[in-house]
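Have a look at the structure below, then the notes.
The values are calculated or read from the model by the stated rules, or taken from the named source; none is laboratory data. These numbers were taken from a predicted model, which means no experiment stands behind them. Here the Cβ positions follow ideal geometry from the backbone for every residue, glycine too, while neighbour counts run over all protein chains shown. The protein model used for the area step is the full one, side chains on, heavy atoms only, and it has no ligands, DNA or RNA in it. Shrake-Rupley method; radii C 1.70, N 1.55, O 1.52, S 1.80 Å.
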Amino acid sequence: MLYKKYNFGKITDHMIKHSTFKAVFAAALLSLSFSLSAEEVPLVGNIYGRNTVSLNGEWNYIVDVQEEGYYDYRMNPMPGGFFINAKPRTPKDLIEYDFDKSPSMTIPSDWNTKDEKLFFYEGTVWFKKSFNFTPKQGRRTLLYFGAVNYEAHVWVNGKKAGYHKGGFTAFNMDVTDLLKDGENFVIVKVDNKRHAEDVPTQIFDWWNYGGITRDVMLVDVSPVYVENYSLKLDRENYSLIHFKANLSKAEKGKIITLSIPELKIEKTFTTAEDGSIEADLSAKPVLWCPENPKLYDVRITLEGESVSDKIGFRSITTSGKKILLNGKQVYLKGISIHDEKPYGGGRANSPEDAAILLGWAKELGCNFVRLAHYPHNEYTVREAEKMGIMVWSEIPVYWTIAWTNPDTYENARCQLRDMIARDQNRANVIIWSIANETPHSPERDTFLGSLATYARTCDDSRLISMAMEVTSASNYHNRLQDNMNKYVDVISFNEYIGWYRDVDDAPKMTWEVPYEKPVIVSEFGGGARFGRHGSKDERWTEEFQENLYIQNTAMLDKIDGLSGTTPWILKDFRSPRRVLPDVQDYYNRKGLVSDDGHKKKAFFIMQKWYESK
Ligand code: GCB
């Protein structure tokens, strides 16, 4: 979420008395006396197709448990916080921090697995990176972050550049006026404390990895640039492509050229009053599908400056209880995944991580992955697209959200907007999911109903879903009932028969989904420690999990309209809620693959079932 203004708070006598404050006061006033400011701007589409310089690499960091780098001893924000990167000017000066003498961490990463003292840490860490920069006449520079968990305050050369909330969405700000010729520095205050009104809220079953977890870049753009664009195949007419683009400013009469050489498209368009264009193009693209994940080279040019992309064309619709890809019924052979490195935990953040995780999914027989429970890193989505794997992408509206808080809604809406803005051209993304396992109430219905409606206004070319729960079951009959049924295209629900519920009872279960819509079982599964063996009745053994999968898959075959499955989960993942010694050790053990990459017996049950689909 981008906020326009930063409140520096009042400078009080107490601050003046405070020694650290005194030493940096002059420098702070100096930094405030410039009227230069950064402009927070909407997310640029297709960051990897832009002209960028990476700021990844070593960043110095300071762990700030009590946020003394930000608040004074009366808890007022200080004008001269750590962000001014003060240095003593005379030997007498008292400055009680020094970024350059502090340890460094490789960015992108999470601090929990980079510094063992920070394994459980939830709080503030300051990061600083110095870099050389040569301003270019008539150009603008954006500072882009792939993700910072959870809250980020950003300064460039001591001046505020922006603020962002939400740990899994990308954001950028125009920092042109804050940069100078020569050495520059960027400082980010990252805070991953959990709060009841946040999205996600205070409790969630995954590790709250803190830090600058995805790529950081400077982006070189012209004063007016193509901010974002979309190319989408018509849902019904596969010879029609809808093209939209918008400029960073509402400028009329600018010429945008679209070129897709393989489709013999080379066309120019003139922007309307609001700086946008919208056009329909005739073409006969080879359609993207798992068997042939065809992507076309695309170039969009404005006044000599191009953005390059690779885009696939496909249609995803439903008909009754069927999901149709390019008009043909498809069964979504899926698996749920967390955005965690394949080996040992930590946030995933590279094409290599994505290739391993998705490689396991492929081996399992998948054509689909549920990227739970928040937008994953962009490499994963792009890698999946190349591999022919369809994607369900989700925002972290998870469990007990503060449904009546307007700020919470706004936060969720912005995360949804930015998830879509980043991935709207990925042919493999077929489902936007707006929530997971939320408790029923009128307030929740209002919140989620508005989110679903909003998602459709952002993108009408994909399906909307959410992971629901079965709330009524008697005599082994499970009936799904959820007021959200009318808002979604696909009815998805999580069931844990054999783990949280009804061990051994899967064969007796019957299911009723009373809506004329396709059904995805978005979660089922159970835990096992790799290498632990015993009878199928002994929890945590591979045999117990194997049997659970045998029973569940047989049961699933009886669900009317079942169009997909994403068992929970590909790989064991870190969670602070999973404390059982020798078994969990802070890992959720429901993975089909262990945290060190070994396949458990249940993997092969699922693999066999998918072979039969
Ligand atoms: C669920 C949640 C998922 C948990 C899983 C579990 O229903 O959606 O986030 O990790 O159950 O293992 O309990």
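Remarks
- By the rule of a C-alpha distance below 13 Å, with chain neighbours fewer than 8 residues away ignored, the aspartates and glutamates paired with Lys267 are Glu278, Asp280.
- Loop-located GluC sites (Glu not before Pro) in segment 498-585 whose Cβ has at most 15 other Cβ within 10 Å (DSSP): Glu516, Glu538
- You can think of it this way: the chain between Thr318 and Asp234 has 28.8 nm of extra reach, that is 0.36 nm per residue less the Cα-Cα gap.
- Across all directions, the shadow cast by the convex hull of the chain built on its C-alpha atoms averages 28.3 square nanometres.
- Shape of segment 135-176 from the C-alpha gyration tensor: oblate (a/c of 1.5 or more and a/b not above b/c, with a ≥ b ≥ c the square roots of its eigenvalues).
- Axis angle, to the nearest 10 degrees, between helix 542-556 and the longest C-alpha principal axis of the chain: 70 degrees.
- Convex hull of Cα atoms in segment 194-275, direction-averaged projection (nm²): 10.4 nm²
- Applying both filters, DSSP loop and at most 14 other Cβ atoms within 10 Å, to the trypsin sites (Lys or Arg not before Pro) of segment 232-301 gives Lys249, Lys252, Lys264.
- Of the GluC sites (Glu not before Pro) in segment 258-334, the ones in a loop by DSSP (not H, G, I, E or B) with at most 15 other beta carbons within 10 Å are Glu273, Glu291, Glu303.
- Whole-number percent relative contact order across segment 66-108, with pairs defined as alpha carbons under 8 Å at least 6 apart: 24 percent
- Nearest 10 degrees, 0 to 90: helix 351-364 Cα axis against the chain principal axis: 10 degrees
- Stretched out straight at 0.36 nm per residue, the stretch from Glu183 to Ser282 would grow longer than its current Cα-Cα span by 30.6 nm.
- Placing a label point 7 Å from the Cα of Thr510 along the Cα-to-Cβ direction, the residues of segment 547-584 whose backbone N falls under 16 Å of that point are 555-561.
- Share of carbon and sulfur in the accessible heavy-atom surface of segment 131-278 [1.4 Å probe, %]: 48 percent
- Phe119-Tyr500 FRET efficiency (beta carbon distance; Förster radius 22 Å; 0.05 resolution): 0.20
- Greater than 18 Å apart at Cα, pairs in Lys136/Lys159; Lys322/Lys613; Lys117/Lys193: Lys136/Lys159
- Extending 7 Å from the Cα toward the beta-carbon at both Asn51 and Glu538 defines two label points whose distance is 6.5 nm.
- Shape call, segment 299-420: gyration tensor on alpha carbons, a/c limit 1.5: rounded
- Extension gain (nm, one decimal) between Asp582 and Cys458, 0.36 nm per residue minus Cα-Cα: 40.0 nm
- Electrostatic tally near Leu332: other residues with Cβ closer than 12 Å to its Cβ, Lys and Arg +1, Asp and Glu -1, net +4.
- Taking all Cα pairs closer than 8 Å and separated by 6 or more residues, the relative contact order of the chain comes to 11 percent.
- FRET efficiency for the pair Asn292 and Glu58, taken as 1/(1 + (r/R0)^6) with r the Cβ-Cβ distance and R0 = 60 Å, rounds to 0.90.
- Gap separating the Cα centres of segment 504-580 and segment 427-491, nearest whole Å: 21 Å
- The angle between the Cα long axis of helix 19-33 and the longest principal axis of the Cα atoms of the chain comes to about 90 degrees, rounded to the nearest 10.
- P(r) tail fraction, segment 483-564 - alpha-carbon pairs more than 15 Å apart, %: 59 percent
- Inter-centroid distance (Cα atoms) of segment 186-212 relative to segment 267-305, Å: 37 Å
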